[in-house]
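One structure is given below, encoded as structure tokens.
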Amino acid sequence: MTKRKRTTVIALVTVATLLIVAGVAWAAGVFPDVAENDTHFDAIEWAAENGVVNGYANGNFGPYDPILRGQAATMFQNYDEYQKSQGDGTSGCKECHNDTTLIWSKEAQFRERSVHGTGEAFERGEGTNCAGCHGTEGAKARINAGLPPHDPSVVGVVNVSPFDCRTCHDIHTTYTRADFSLTGDEQPVVLEKTGGTFDGGEGNLCANCHQIRNNLPVAAGGNIDLGTDTRFGTHYGVEAQMLLGEGGLGVSGNPSTHYLVVGDTCVTCHMGEERNHTYEPEVDRCQACHAGAEDFDVNGVQTEVQAMLDQVHALLVANGIMNEEGRSIPGVYPEAVASAMWNFKLVEYDGSVGVHNSAFTKALLQQGLDALE
């Protein structure tokens with residue numbers, strides 16, 4: 001490929017990217033040679049209405065004509081002028097790509113300390129059963145479409161990529177700070193396995209994946225058959241149900257104060273006003289409600305819950321349904337015993353040791369103590 005042809009290709013791709021900045025359809029077509037069913041009709045209309053493109057003297061746009069270097073430069077300049085007119089007079093790119101820590105500090109936090117950024121779980125996005133939560137492509141498409149994790153239309157992704165900024169944010173759609181809008185637009189989430197609705201502001205994005213993803217077992221003749229499964233339980237990351245008080249077997253609960261009172265739920269506690277992308281909760285974020293708190297063991301909740309977890313773990317092992325490593329032992333068990341195993345895993349996989357919903361957590365573990373002792 002010659003240098004001239006390579007430049008033309010680069011310009012074509014770049015300008016196409018600039019054109020697809022909004023999906024706004026106007027009443028009538030500006031250019032007679034751009035059909036309404038053309039893939040980029042809306043984007044070309046938007047660009048014309050906002051002075052980014054002008055077309056030829058004869059009124060045509062020439063959608064399939066090669067783009068000359070000068071034409072591309074003019075489009076870049078026009079688009080930059082448009083961006084300046086929308087804000088405070090600064091360049092659209094510079095609004096985010098400046099000498100502050102606006103972007104790179106968040107990337108460093110995410111990559112170095114966040115499990116989302118450092119883990120290898122994204123590789124599971126190549127499988128249809130996991131693509132809805134593992135890997136950027138499947139998760140983003142699924143959440144934007146408002147689909148549950150295991151919707152039949154969610155398929156595996158070839159060459160799946162790990163989570164990055166674009167997984168959670170709508171990057172480079174407006175080329176302004178609006179690009180930090182959240183995937184899915186903070187829409188409430190109908191939980192796939194329990195049917196409840198998580199409506200927690202910005203935390204809704206988290207609830208799209210942090211929910212029970214295994215079917216709740218059904219008893220037959222007073223027993224529950226674990227089959228050959230050695231991972232009986234809810235699957236990891238069940239925080240949405242814990243906050244709502246859902247998903248227990250033989251145990252019902254209510255939404256916790258953290259769900260009802262804390263604005264933006266998960267995001268408020270795990271990111272704070274500084275939007276820390278390690279997602280590690282900080283005690284000082286709790287002190288607005290829990291004055292003087294020095295750790296997360298407020299009123300001894302975590303101490304009490306950990307003691308109950310240890311007790312139920314020992315009883316599950318003694319009853320032969322679970323081994324010391326926490327794996328289930330295949331077989332058929334009385335409903336109360338299998339329920340105790342399920343409820344134990346619900347608390348364990350929540351990971352907060354009672355913080356998310358202390359009353360529901362204790363009720364789940366108490367069911368196990370009553371059934372196993």
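Please determine, by comparing only the residues of region 205-236 that are in contact (Cβ under 8 Å) with a residue 40 or more places away in the chain, among the polar types (S, T, N, Q) and out of contact with any Ser or Thr (no Cβ under 6 Å at 6 or more places or on another chain), which one is nearest to Val337 (Cα to Cα).
That would be Asn223.
Any residue that is farther than 20 Å from Met271 by Cβ and in contact (Cβ under 8 Å) with a residue 60 or more places away in the chain - is there at least one of those in region 191-204?
Within region 191-204, not a single residue is farther than 20 Å from Met271 by Cβ and in contact (Cβ under 8 Å) with a residue 60 or more places away in the chain.
Could you say whether any residue in region 204-223 is modelled with pLDDT of 95 or more, within 13 Å of the chain's Cα centre (by Cα) and surrounded by fewer than 21 Cβ atoms within 10 Å (Cβ to Cβ)?
yes
Mind checking whether some residue in region 200-211 is in a loop (DSSP other than H, G, I, E, B) and either under 30 Å from Pro334 (Cα atoms) or in contact with a Lys or Arg (Cβ under 6 Å, 6 or more places away or on another chain) (or both)?
There is at least one residue in region 200-211 that is in a loop (DSSP other than H, G, I, E, B) and either under 30 Å from Pro334 (Cα atoms) or in contact with a Lys or Arg (Cβ under 6 Å, 6 or more places away or on another chain) (or both).
Considering only residues that are surrounded by fewer than 15 Cβ atoms within 10 Å (Cβ to Cβ) and in contact (Cβ under 8 Å) with a residue 12 or more places away in the chain, which ones fall in region 157-171?
Val158, Ser161
Results for (1) more than 26 Å from Leu243 (Cα to Cα); (2) hydrophobic (A, V, I, L, M, F, W, C); (3) assigned to a loop (DSSP other than H, G, I, E, B), shown as yes or no for each residue.
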| position | (1), (2), (3) |
| --- | --- |
| Asn98 | yes, no, yes |
| Ala108 | yes, yes, no |
| Ala131 | no, yes, yes |
| Ala141 | no, yes, no |
| Thr167 | no, no, no |
| Ala178 | yes, yes, no |
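Going by what's in this entry, would Ala338 be described as assigned to a helix (DSSP H, G or I), farther than 29 Å from Asn204 by Cα, in contact (Cβ under 8 Å) with a residue 24 or more places away in the chain and outside the structural domain of Phe163 (by TED's automatic domain parsing)?
On the way: assigned to a helix (DSSP H, G or I): yes; farther than 29 Å from Asn204 by Cα: yes; in contact (Cβ under 8 Å) with a residue 24 or more places away in the chain: yes; outside the structural domain of Phe163 (by TED's automatic domain parsing): yes.
In short, yes.
Exactly one of (1) under 33 Å from the mean Cα position of the chain (by Cα); (2) at pLDDT 80 or above; (3) outside any helix (DSSP H, G or I) is unmet by Val24. Its number?
(2) is the only condition that Val24 fails.
Just a yes or no: is a residue in region 307-323 in contact with a helix residue (DSSP H, G or I) (Cβ under 9 Å, 6 or more places away or on another chain), assigned by TED's automatic domain parsing to the domain that holds Gly250 and among the charged types (D, E, K, R)?
No, there is no match, as no residue in region 307-323 is in contact with a helix residue (DSSP H, G or I) (Cβ under 9 Å, 6 or more places away or on another chain), assigned by TED's automatic domain parsing to the domain that holds Gly250 and among the charged types (D, E, K, R).
The values are calculated or read from the model by the stated rules, or taken from the named source; none is laboratory data. Every value quoted in this text rests on a predicted model; they were computed, and no experiment measured them. As a convention, Cβ positions derive from the backbone with ideal geometry for all residues, glycine included, and neighbour counts pool all protein chains shown.
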